[in-house]
Amino acid sequence: MGFWKNLFNGTGGTAIATADSALGVSTQVIGEAANPRAKAGIESRITFRKDRNIDLYELEELCDAVGWSRRPLRKVKKAIEHSFLVVTMWEVRGNYRRMVGFSRATSDHAFNATIWDVVIHPDFQSRGLGKALMQNIVRELRREDISNITLFADPQVVKFYQGLGFKPDPEGIKGMFWYPNSRY
Ligand SMILES: CC(C)(COP(=O)(O)OP(=O)(O)OC[C@H]1O[C@@H](n2cnc3c(N)ncnc32)[C@H](O)[C@@H]1OP(=O)(O)O)[C@@H](O)C(=O)NCCC(=O)NCCS
């Protein structure tokens, strides 16, 4: 695991603010779930947060774990800084914490938001936590009165998002992409 880099101090939000004395950072816990990997006798929980106290190397490890291509960290840092909302999921055992889920959304702050980079560590998949992470980010966007929430689903996860109420191509609308090598 990479060293803790306190790159993003908490920004905005109405979440419950909690002082994290172990790390000396301010965290905003917005929800909790039972830890499906908790061992008997060890207090362990899953928390959802929307502060940006994110170790970029830890995030890179999480993305590596699901086989995503690496992206330049300076660009990842910029993308996080300029996102409207970032919701992360953590396994917490005493002072130990580990990021096990990540998601973020960009927005025009009024009508539209698009969710990006939804990921759950493989050790924690298939236990309802991806659904909980998505419910958290959608709830936070709804709290900001954003009503048009979109995302781009990889083919193998279309059903996952459908199960959460997302509709592919509503009324025949197609997502369209322009790439640098496109002809126009
Ligand atoms: C996609 C991902 C976030 C799902 O997280 P998860 O924690 O495994 O999902 P959950 O356990 O919360 O599943 C919730 C529901 O979706 C279903 N589901 C999960 N992944 C699914 C998939 N790939 N296809 C179809 N259904 C899926 C589950 O069966 C469950 O159904 P239920 O509510 O009827 O029981 C996770 O598998 C992941 O990080 N994958 C790699 C990264 C990725 O592909 N991200 C999406 C990029 S667009």
- Show the residue pairs that are 6+ apart or on different chains and have beta-carbon atoms under 9 Å apart, the first residue being within region 60-81 and farther than 12 Å from residue 117 by Cβ and without any contact (Cβ under 8 Å) to a residue 24 or more places away in the chain, the second being within 16 Å of the ligand (Cβ to nearest atom) and assigned to a loop (DSSP other than H, G, I, E, B). 64/70
- Query: Mind checking which residues of region 65-109 are open to solvent by less than 60 Å² (accessible area, probe 1.4 Å) and over 20 Å from residue 134 (Cα atoms)?
  - Reply: 73, 76, 94, 97
- Message: Suppose we filter region 132-143 for residues that are charged (D, E, K, R) and crowded, with 17+ Cβ neighbours inside 10 Å; how many remain?
- Response: 1
- If you take the residues in region 104-138 that are among the basic types (Lys, Arg) and closer than 16 Å to residue 163 by Cβ, which one is nearest to the ligand (Cβ to nearest atom)? 131
- Query: On the given criteria, is residue 104 in contact (Cβ under 8 Å) with a residue 40 or more places away in the chain, basic (Lys, Arg), touching an Asp or Glu at 6+ places or on another chain (Cβ under 8 Å) and part of a strand (DSSP E or B)?
  - Reply: no
- Tally the residues that are within 6 Å of the ligand (Cβ to nearest atom), part of a helix (DSSP H, G or I) and either open to solvent by less than 90 Å² (accessible area, probe 1.4 Å) or touching a Leu at 6+ places or on another chain (Cβ under 7 Å) (or both), restricting the search to region 144-159. 1
- Task: Could you please give the count of residues in region 172-182 that are closer than 22 Å to residue 107 by Cα and loosely packed, with under 10 Cβ neighbours inside 10 Å?
- Result: 5
- Task: Select from region 77-97 the residues that are touching a Leu at 6+ places or on another chain (Cβ under 9 Å) and in a strand (DSSP E or B) and list them in ascending order.
- Result: 85, 87, 88, 89, 97
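The values are calculated or read from the model by the stated rules, or taken from the named source; none is laboratory data. Keep in mind the model is a prediction, meaning the values are calculated, not measured. Here the Cβ is made from the backbone with ideal geometry for all residues, glycine too, and neighbour counts use every protein chain on show. These accessible areas exclude ligands, DNA and RNA; they are computed on the full protein's heavy atoms, side chains included. Shrake-Rupley method; radii C 1.70, N 1.55, O 1.52, S 1.80 Å.
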